[in-house]
């Protein structure tokens with residue numbers, strides 16, 4: 001019998017029909033006035049999204065490309081940097097920084113937790129020459145939010161430090177305004193809350209970061225910020241751009257800006273809250289002590305393999321993500337970023353109830369749904 | 001904040017992605033071997049759907065066109081016919097039959113009810129010269145199922161009577177096998193359980209009905225069955241066919257045949273049962289005494305205008321249909337035919353709960369969802 005597959009994974013995420021439509025169009029050439037105009041419009045809309053008038057660059061790469069560019073363009077070999085390493089993507093910052101022989105302070109944090117302010121002060125007290133702090137705004141592997149505002153304060157007090165933020169699962173989920181917050185380099189990717197297929201990354205950098213560009217001595221060719229900055233300001237790119245993704249990004253940005261970033265952030269907050277309260281109502285435990293609004297990590301019930309639970313959940317039509325590394329088989333992650341609304345959240349909770357019931361848990365059907373409905377009713381004017 | 005609009009109306013219905021994709025293609029010419037092959041494949045798949053090897057015709061018209069063709073091609077002026085008139089679409093049979101000056105026995109039935117067997121026997125006892133019985137298999141306006149099998153028995157016992165069935169909201173919902181059931185003329189439309197946009201209708205006719213073609217003296221030009229039958233057997237059409245709808249129909253028939261008509265009928269049965277039991281659990285009353293599996297008609301709570309309730313329900317994202325004529329403002333109709341699965345049904349029930357709560361009804365959130373979950377768990381091996 002027909003069971004529709006519904007994607008509740010933290011990337012890729014479902015595409016809005018307007019994006020699907022834009023992607024289904026015949027390609028146009030990028031060296032044309034038509035594409036230049038689309039590129040410049042998209043750039044302007046990205047600036048609106050991030051509330052900035054500074055350069056916002058697009059690369060034909062996944063988010064990791066932009067992460068690498070953030071290292072290779074704004075640092076020198078031997079620069080001392082602090083990495084907030086609290087999950088799979090924290091590790092990625094560490095790996096990239098190591099690859100380019102930065103001097104690494106690896107602040108390892110138990111998965112599911114965020115950093116400790118005292119510890120940060122201790123580190124920067126001991127190493128005032130830190131040139132950069134690397135962090136995930138939302139650490140997708142552990143569905144954890146890290147407070148970037150506090151890190152910005154710390155970074156600004158140091159002599160010559162920039163704050164580099166992976167906003168891959170936070171841009172489009174929160175109000176991420178780098179100038180206001182004090183983020184120096186912000187990167188994001190297309191296949192998350194920007195509601196696109198993978199293959200496009202975005203980078204913002206501050207005036208302070210810009211000054212670093214000329215002193216950087218790390219090797220780079222494809223992901224060269226000054227080269228791209230010069231081109232992109234005129235609606236060109238140094239290398240072939242991801243044409244159809246940029247056209248589609250312009251569509252998804254229109255949706256985002258029409259809703260308004262504040263409304264969008266509120267919607268994600270409510271969806272996340274409804275999900276968290278509903279799974280707890282069903283007797284499940286959250287993974288994160290500082291949960292992000294992009295996705296919710298949940299421990300499988302004792303004695304149940306989370307991946308078996310996921311397989312059972314897929315039978316009702318819902319594809320959610322599992323845990324990575326040592327969390328594999330222990331947790332599952334329900335995404336609610338991008339093209340999701342309240343009724344989507346209620347639906348996945350209802351599917352989870354059916355799944356828990358099927359695997360023999362003693363749960364009351366409808367109880368999680370009721371909790372989610374209550375959160376939504378309390379927080380909206382439905 | 002983003003609220004997705006979800007279509008739960010009894011036509012048009014949501015399109016499967018495969019159909020959307022097929023519709024989004026460049027047009028091809030109909031006088032080509034390529035289209036002829038598609039036409040013949042589609043015809044063969046329609047025959048599989050209806051379990052017949054007889055002619056199944058396609059017209060570029062909505063369902064009403066095929067209804068009119070069923071009158072003009074198989075009857076003569078002055079033929080006595082019985083119309084089972086139990087709703088808006090029963091009225092339509094009456095209107096078409098009157099337009100062509102058939103001698104009408106109008107068996108009017110209270111909306112929400114089906115025919116009475118005794119009454120049928122009484123009528124055919126009094127008028128054994130009846131040349132046709134007209135009925136809706138599923139009367140969409142009242143969400144009522146009429147038993148066509150019994151009418152086929154009655155019709156077959158008469159000297160020269162054919163049973164003409166509007167299967168517009170039953171083909172693709174039930175196992176509708178006209179030869180096995182004894183239906184002589186069956187019509188359906190594209191925008192219902194065939195999961196397509198409007199604009200294409202389908203007609204099956206029996207050997208017995210075929211013999212009527214040459215004796216019919218009613219005027220027709222565009223919807224001329226013998227003319228089309230000759231052409232369509234060779235993959236041609238008398239007039240320009242609805243090219244892209246036929247290509248899309250071929251896709252939706254593949255989906256239907258892959259699922260299997262038996263499975264599909266079972267799915268619709270479960271979805272309808274879950275909907276009916278859930279709305280009753282919420283204290284609401286069903287419209288129909290003989291409810292169909294295509295859509296569920298529900299009375300609004302006492303003192304509540306059903307159309308106000310629908311407006312409120314639309315705020316949560318669900319578009320359902322209202323009542324027609326004297327039922328306007330009194331009932332609403334939730335469709336579950338075509339591209340719907342169990343979790344869709346649960347979702348609309350959750351939305352209805354939120355709506356009833358918002359308009360001040362004393363309902364327990366999650367209660368209807370629980371009931372729907374229970375029906376689904378009992379009837380499936382999720």
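Computed from the coordinates by the stated procedures, all read-outs in this text should not be read as laboratory data. The model shown is predicted, which means the values in this text are computed figures rather than measured ones. No Cβ is skipped: glycine too gets one built from the backbone with ideal geometry, and neighbour counts run over all protein chains shown.
Of the helices (runs of 4 or more DSSP H) contained entirely in the range A:101-187, those carrying at least 1 residues that are touching a helix residue (DSSP H, G or I) at 6+ places or on another chain (Cβ under 8 Å) and touching a residue at least 40 places away in the same chain (Cβ under 8 Å) fall at A:117-126, A:148-157. Taking the criterion of being touching a strand residue (DSSP E or B) at 6+ places or on another chain (Cβ under 6 Å) and farther than 11 Å from residue A:172 by Cβ, the residues of the range A:252-280 that qualify are A:275, A:276, A:279. Here is a list: A:117, A:212. Which entry is surrounded by fewer than 24 Cβ atoms within 10 Å (Cβ to Cβ) and touching a strand residue (DSSP E or B) at 6+ places or on another chain (Cβ under 9 Å)? It is A:212.
Considering only residues in the range B:48-74 that are more than 19 Å from the chain's Cα centre (by Cα) and closer than 16 Å to residue B:227 by Cα, the one that is surrounded by the most Cβ atoms within 10 Å (Cβ to Cβ) turns out to be B:74. The set of residues in the range A:327-338 that are in a loop (DSSP other than H, G, I, E, B) and touching a helix residue (DSSP H, G or I) at 6+ places or on another chain (Cβ under 6 Å) comprises A:329, A:330, A:336. Of note, residue B:283 does not satisfy the criterion of being away from chain A (no Cβ under 12 Å) and touching a strand residue (DSSP E or B) at 6+ places or on another chain (Cβ under 6 Å).
Within the range A:356-371, the only residue that satisfies the criterion of being closer than 14 Å to residue A:316 by Cβ, part of a loop (DSSP other than H, G, I, E, B) and more than 7 Å from chain B (Cβ to nearest Cβ) is A:359.
Among the residues of the range A:339-355, those identified as facing chain B (nearest Cβ under 7 Å) and either in contact with a helix residue (DSSP H, G or I) (Cβ under 6 Å, 6 or more places away or on another chain) or not in a loop (DSSP other than H, G, I, E, B) (or both) are A:343, A:346, A:347, A:350, A:351, A:353, A:354. Taking the range B:285-310 as the range and being free of Cβ contacts under 8 Å to residues at least 24 places away in the same chain and within 17 Å of residue B:362 (Cα to Cα) as the test, the residues that pass are B:285, B:302, B:303.
Scanning the range A:240-296 for residues that are within 30 Å of residue A:35 (Cα to Cα) and in a loop (DSSP other than H, G, I, E, B) yields A:240, A:241, A:242, A:260.
For the range B:1-26, a residue qualifies if it is closer than 18 Å to residue B:252 by Cα, in contact (Cβ under 8 Å) with a residue 12 or more places away in the chain and either surrounded by fewer than 14 Cβ atoms within 10 Å (Cβ to Cβ) or more than 14 Å from chain A (Cβ to nearest Cβ) (or both), and the qualifying residues are B:10, B:11, B:12, B:25.
Which ones in the range B:37-64 are free of Cβ contacts under 8 Å to residues at least 60 places away in the same chain and in contact with a strand residue (DSSP E or B) (Cβ under 7 Å, 6 or more places away or on another chain)? Result: B:47, single match. Any residue at all in the range B:306-326 that's in a helix (DSSP H, G or I), within 21 Å of residue A:347 (Cα to Cα) and away from every other protein chain (no Cβ under 13 Å)? Yes - at least one qualifying residue is present in the range B:306-326. Do we find that residue A:335 is closer than 18 Å to residue B:347 by Cβ, touching a strand residue (DSSP E or B) at 6+ places or on another chain (Cβ under 7 Å) and buried (at least 22 other Cβ atoms within 10 Å of the Cβ) in this structure? Considered against the rule, which asks whether it is closer than 18 Å to residue B:347 by Cβ, touching a strand residue (DSSP E or B) at 6+ places or on another chain (Cβ under 7 Å) and buried (at least 22 other Cβ atoms within 10 Å of the Cβ), residue A:335 comes out as yes. Residue check: is residue A:334 more than 10 Å from chain B (Cβ to nearest Cβ) and under 22 Å from residue A:172 (Cα atoms)? Judged against the criteria, residue A:334 is a match.
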